[in-house]
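FYI, it's all coordinate maths here, none of it is from the lab. These numbers were taken from a predicted model, which means no experiment stands behind them. All Cβ positions, glycine included, derive from the backbone under ideal geometry; neighbour counts span all protein chains shown.
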Amino acid sequence: MQAVEVPELKLEERVITEILARRAGETPDAPFVHIGGRTYSYGEIHELSLEIARGLSALGVTRGQRVVMMLGNRIEFLLGWFGTAMLGATIVPINPEWKAETLSYILTDAEPTAMILTAGLVDTVRDVLPQLPTLRTLVLCDAGPVQPRTGVRVVDWPGLPELGKDARLDDGPRFDDPLAILYSSGTTGRPKGIVMPHAHIYSFGIQWSRATNFSGADVLYAPTPLFYMQATVLGVVPTLMAGAQVHIAPRFSATRYWDDVRACGATITHGQFSLVPLLLKQPPSPLDRQHNCTRLFIAKSNAEFEERFGVRIIEIYGSSESNIVCYNPWDRHKPGSAGKAAPNFDVVIVDDQDRVLPQGEIGEIVARPREPYIISGGYYRRPEVTLEAWRNMWFHCGDRGYFDEDGYVYFVDRKKDVIRRKGENISSAEVERQVNTHPDVLESAAVPVPAETAEDEVMVFVVPRPGHTVRPGELIEHLRGILPRFMVPRYVEIIGELPKTGSMKIEKFKLRELGVSDTTWDREAGSYVSA
């Protein structure tokens, strides 16, 4: 497969809504998005988004204000996303599963002017409304009983076009206007609002297209939530830029995944690190390679997966804040690595004092851009956290890794997930990889728990495969044959499911809070012989 040359726009042209307008003018009837059982063309998405923009403008939404969207994978999300952006306002997508104190914190922090949500979520947000002095309007995307005493105006989504029929839109957004504030998954603690300008999101599309060899001939299958960045910033946006097609599923399903890929004719699919073991544990089928898909983004290289399903796993390194800063050259791919530093980024490995480490030594991955506006503008209303993350003129990614002799980067672990046991640093990712090789294990998560000494013990939370039973003693015997002694877990907790964000990232901070309980198996208790 030949590398794709992605055309680059001048900085002032890197405005997502302007790209949509141009695409709609050039190929108005070309299919763009398939969602909710219907395919929408570029022209339709543009015109419908304009209607929403005018409706929101009539409700008082103006440039620089924030519009919260609490929706699943449905067409209203995309139209609200583009419509809000057309005003120069900022989209704040929120997981509709959030509630209570976390939801209150995020809504209060975001200071929205309007919220787009389903009627069923009104009761969820009602108690927070008195804490939102800037909020004027709730836009409801479906019918349902709504108590009138919400303290704000309530508008039905179908009424927005009529409401805005006489509204005139001012000048659109600039390249440096925030398109979205994306709240971090909260895998390590309280979510932070990542400010993402238009040019930053445009650059994400460029980097993703280069890493995946994406082109206008491709069809992308995206089963991940729109309220996180993968399906939008790394799905809808590069599809728009390339003039391709994207099929957005309601949600991820391991049992339906490849059936959906076949049905939509996808040539590239979205995955996630935690999804690969789930797909591998599905029963083998003669249809496993009967599809048009050649690439899966994103996961760690897995030879068994690639051989069984006939796809290449795309490996990159980056974050919502930093962009994709490393990716594998298409014709010089090193399985297991995150690739080389992208041409528009400097990437180095540093110690705790930000001193650059030599090749082969493990430290923190840090990056900085060589071009303007290809990296986040920081954390919304969190200047002290922004300064800490961007200290010494480098963005600190919070991950540990190393360079090999050819300049390829290898991810080791999240800094906060490193387990220190008996003087050794243990990669939780490596422990999980080996635990997942057990035939009765569906997935797992390894976390540090306090030891009697000043260091840690290794604890694994294990989800059995459906219809299977995981016996901790047998699991430990399995691990003793493939892990060094110091990495073999002491504690095993069998659990029905792992806590995850909407983007399928494991919320390890919740597991660390659970820690050792009365139901935890301890290999140093009873008659079991310690490793």
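Net charge around MET241, counting only other residues with Cβ within less than 11 Å of its Cβ (Lys, Arg = +1; Asp, Glu = -1)? Once positives and negatives cancel, what remains is +2.
What fraction of the Cα pairs in the range 201-304, stated in percent, has a spacing above 20 angstrom?
Values: 1797 of 5356 pairs.
Tail of P(r) above 20 Å: 34 percent of Cα pairs.
DSSP beta bridges fully contained in the range 239-360 are about 55 percent antiparallel.
Mean residue ellipticity, 222 nm, helices only, the chain: the sum of -39500 (n - 2.57) across DSSP H runs of n ≥ 4, divided by residue count and rounded to 500, is -7000 deg cm²/dmol.
The order of the peptides 159-170, 197-208 by mean Cβ neighbours within 10 Å, most packed first, is 197-208, 159-170. Peptide packing: for 370-377, 217-224, the average count of neighbouring Cβ atoms within 10 Å per residue gives the ranking 217-224, 370-377, highest mean first. GLY164: net charge of surrounding residues, Cβ under 11 Å, Lys/Arg +1, Asp/Glu -1, itself excluded? Net charge around GLY164: 0.
Measuring nothing but how far apart in sequence close Cα pairs (under 8 Å, 6+ apart) lie, relative to its length, the chain scores a relative contact order of 11 percent.
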